[in-house]
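Participant: Please read through the structure below; I'll follow up with questions.
The values are calculated or read from the model by the stated rules, or taken from the named source; none is laboratory data. These numbers were taken from a predicted model, which means no experiment stands behind them. Cβ coordinates were reconstructed from backbone atoms using ideal geometry, including for glycine residues, and neighbour counts include every protein chain displayed.
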Amino acid sequence: MEMRNIQYSEFSIQYSKRNGFTLLEILIALGVISLLGVVIVQVFFTTTRSNTKTEIVKDVKQQADYAVGTMTRFIQNSRAISLANGSVCVAGGSTISSILVTAPDGNQTTFGCLVDSGVQRLASVSASGSEYLTGSSYTLGGTSCADTTLSFVCSTIPGTSTSVKIGFSLSQKGSPQSLYEKASTSIETTVSLRN
Amino acid sequence: MNRTGFNTGQTLVEIIVVVGVVVLLVTGLVIGTTASLRIGESGKIRSQAVKLAQQAIELARTVRDTQWATFASMTGTYCLGDTNTWTPATGLCSVNIGTTFTRSVNFAFVDPRMTVEVTVSWQDSSGTKQTSLKTYFTQWK
């Protein structure tokens, strides 16, 4: 046993000076590792940020779709439409930021903008309360409900048809600097009443 | 010496394989991310286009409800832009909604029904995309 140990250490001593890496090898290895590291970290962050972006683009689309879908259903099936200030729709069309929809059962719902902790959200207000149609992280733009992108154009041809043009754009709240945190969509559509 | 591992580094082939695998992984990730971004964006644009196509159908409905005779006399292709005015198309419509969408509406009347087909098209990085809606209108009142 002792004999073998001695032999082994002799062996080691004999060759130990040749083992290990030179300074140059270590430098090159470090260079390659840090280069790869930087690339991988970059890719990782880009992937994460892109996922965030994809997520909010999807979110903004879904919310705009939901809001338009809800308003479309309400307006299509409504008995009458008037502007929220009480005046009726006119022939040439009048633009306003909120609209009053009378359902077949006589109940009235107003679609318009409501401010919720600094965010301009699309909402439906009726006797039973108010419901938001867009999420709390997305705004209709502007600094108050008076100057949002939300607009309704209600036009009627007496005795024949009434139609409402809905237009708004929805974007993430706040003003992020990063391209990856921005998303917005503009929706425009027209609905004619089926009554 | 070789068996104990001293002085044996990686061979060139091994290093090339490792670098190759890393490059493949990174490329895969980047392509995947780019694709997911593009698909998200194009889904959003398609959704806008569908709303515009629905708008055209509703506007056609309004024409029908206003006066059947006018509606029944509409034939061929119309360009229906931002201002929502029916302009008979001469050839193909050009981009007429914002700077993105081209909306054209085709009418074909075969008594007693009018076939209305709306096509909204737009360009994106992978070429021309389009969505179309088709419906029938009849004189119901």
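Participant: Here are some residues: B:THR99, B:THR119, B:THR131. Which one is under 30 Å from B:ALA35 (Cβ atoms), of a type outside the set (A, V, I, L, M, F, W, C), under 18 Å from the mean Cα position of the chain (by Cα) and outside any strand (DSSP E or B)?
Facilitator: Just a single option satisfies the conditions, and that option is B:THR99.
Participant: Of all residues in the range B:31-49, count the ones that are touching an Asp or Glu at 6+ places or on another chain (Cβ under 9 Å), more than 8 Å from every other protein chain (Cβ to nearest Cβ) and under 16 Å from A:ILE187 (Cα atoms).
Facilitator: Number satisfying all stated conditions: 2.
Participant: Restricting to the range A:48-81, count the residues that are in contact with a Leu (Cβ under 7 Å, 6 or more places away or on another chain) and without any contact (Cβ under 8 Å) to a residue 24 or more places away in the chain.
Facilitator: Residues in the range A:48-81 being in contact with a Leu (Cβ under 7 Å, 6 or more places away or on another chain) and without any contact (Cβ under 8 Å) to a residue 24 or more places away in the chain: 1 in total.
Participant: Related question: Could you please find all residues in the range A:65-98 being in a helix (DSSP H, G or I), farther than 23 Å from A:SER171 by Cα and not polar (S, T, N, Q)?
Facilitator: Matches in the range A:65-98: A:ARG73, A:PHE74, A:ILE75.
Participant: Next question. Would it be correct to say that B:VAL21 is surrounded by fewer than 13 Cβ atoms within 10 Å (Cβ to Cβ) and either more than 10 Å from chain A (Cβ to nearest Cβ) or not in a helix (DSSP H, G or I) (or both)?
Facilitator: Yes; evaluated as a whole, the condition is true for this residue.
Participant: Ok, one more. Does the range A:167-181 hold any residues that are without any contact (Cβ under 8 Å) to a residue 60 or more places away in the chain and either away from chain B (no Cβ under 12 Å) or among the charged types (D, E, K, R) (or both), and which are they?
Facilitator: Scanning the range A:167-181 gives A:LYS173, A:GLY174, A:SER175, A:PRO176, A:GLN177.
Participant: OK, next. So how many residues does the range B:100-134 have that are over 17 Å from B:ARG46 (Cβ atoms), loosely packed, with under 14 Cβ neighbours inside 10 Å and β-branched (Val, Ile, Thr)?
Facilitator: The number of residues fulfilling the criteria is 2.
Participant: Would you pick out the residues in the range B:64-73 that are more than 7 Å from chain A (Cβ to nearest Cβ) and surrounded by fewer than 19 Cβ atoms within 10 Å (Cβ to Cβ)?
Facilitator: Those that are more than 7 Å from chain A (Cβ to nearest Cβ) and surrounded by fewer than 19 Cβ atoms within 10 Å (Cβ to Cβ): B:GLN67, B:TRP68, B:ALA69, B:THR70, B:ALA72, B:SER73.
Participant: When A:GLY93 is evaluated against the numbered criteria (1) away from chain B (no Cβ under 11 Å); (2) over 22 Å from A:ALA127 (Cα atoms), which criterion, by number, is the only one it fails?
Facilitator: Tallying (1) away from chain B (no Cβ under 11 Å); (2) over 22 Å from A:ALA127 (Cα atoms), A:GLY93 fails exactly one: (1).
Participant: Right, here's the next one. Please give the strands (runs of 3 or more DSSP E) falling wholly within the range A:111-184 in which 1 or more residues are basic (Lys, Arg) and in contact with a helix residue (DSSP H, G or I) (Cβ under 8 Å, 6 or more places away or on another chain).
Facilitator: A:161-172
Participant: In this structure, does A:VAL60 turn out to be in a helix (DSSP H, G or I) and under 30 Å from the mean Cα position of the chain (by Cα)?
Facilitator: So A:VAL60 passes the test.
Participant: Could you check the range A:63-87 and list, in sequence order, the residues that are at the interface with another protein chain (Cβ under 9 Å from one of its Cβ atoms) and within 25 Å of B:ILE39 (Cβ to Cβ)?
Facilitator: Answer for the range A:63-87, where residues must be at the interface with another protein chain (Cβ under 9 Å from one of its Cβ atoms) and within 25 Å of B:ILE39 (Cβ to Cβ): A:ALA64, A:ASP65, A:VAL68.
Participant: On to the next question. Taking the criterion of being away from chain A (no Cβ under 12 Å) and in contact (Cβ under 8 Å) with a residue 40 or more places away in the chain, would at least one residue in the range B:95-105 satisfy it?
Facilitator: yes
Participant: Can A:GLN120 be described as in contact with a strand residue (DSSP E or B) (Cβ under 8 Å, 6 or more places away or on another chain), away from chain B (no Cβ under 14 Å) and modelled with pLDDT of 90 or more?
Facilitator: yes
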